[in-house]
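Here's the structure, in structure tokens; my notes come after.
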Amino acid sequence: MRTRATTLRLPADQVRLGDFLSVGGETMHVTFAEHRGGIIRLELNTSIRLSLPPAASVTITRPYRRP
């Protein structure tokens, strides 16, 4: 199997664990995502935490496996 990736522009509430998100010129791995009280909380590389409204538009890179 080979790993491929695609880049998507999505609302913050569609970000998943395992996605990659660029912040401040660095691309980081999403290690935690929580939907609570109308806020999306994301943790990137266990060192950065973000709180975003669900409709905030973000660009992510989503890996997927291909045979």
Sorted by average packing, counted as other Cβ atoms within 10 angstrom per residue and highest first, what order do 10-23, 54-67, 33-46 take? 10-23, 33-46, 54-67
Quick one: Karplus J couplings for the range 14-27, per residue in order, coefficients 6.51, -1.76, 1.60, θ = phi - 60°, nearest Hz, x for Gly and Pro? 9, 6, 10, 4, x, 6, 10, 10, 9, 9, x, x, 10, 9
At q = 0.14, 0.18, 0.20, 0.23 Å⁻¹, what is the log10 ratio I(q)/I(0) for the chain, with the Debye formula run over Cα points and no solvent? -0.40, -0.63, -0.76, -0.97
For the modelled label position 7 Å from the Cα of T59 along Cα-to-Cβ, which residues of the range 24-50 have backbone nitrogen atoms closer than 18 Å? 24-30
What accessible area per residue comes out for the chain, rounded to a whole number of Å², with a 1.4 Å probe? 69 Å²
At a 1.4 Å probe, what is the % contribution of carbon and sulfur to the accessible area of the chain? 51 percent
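The values are calculated or read from the model by the stated rules, or taken from the named source; none is laboratory data. The structure presented is a predicted model; accordingly, all values stated were derived computationally and were not measured. Cβ coordinates were reconstructed from backbone atoms using ideal geometry, including for glycine residues, and neighbour counts include every protein chain displayed. Areas reflect the complete protein model, heavy atoms only, side chains present, ligands, DNA and RNA absent. Shrake-Rupley method; radii C 1.70, N 1.55, O 1.52, S 1.80 Å.
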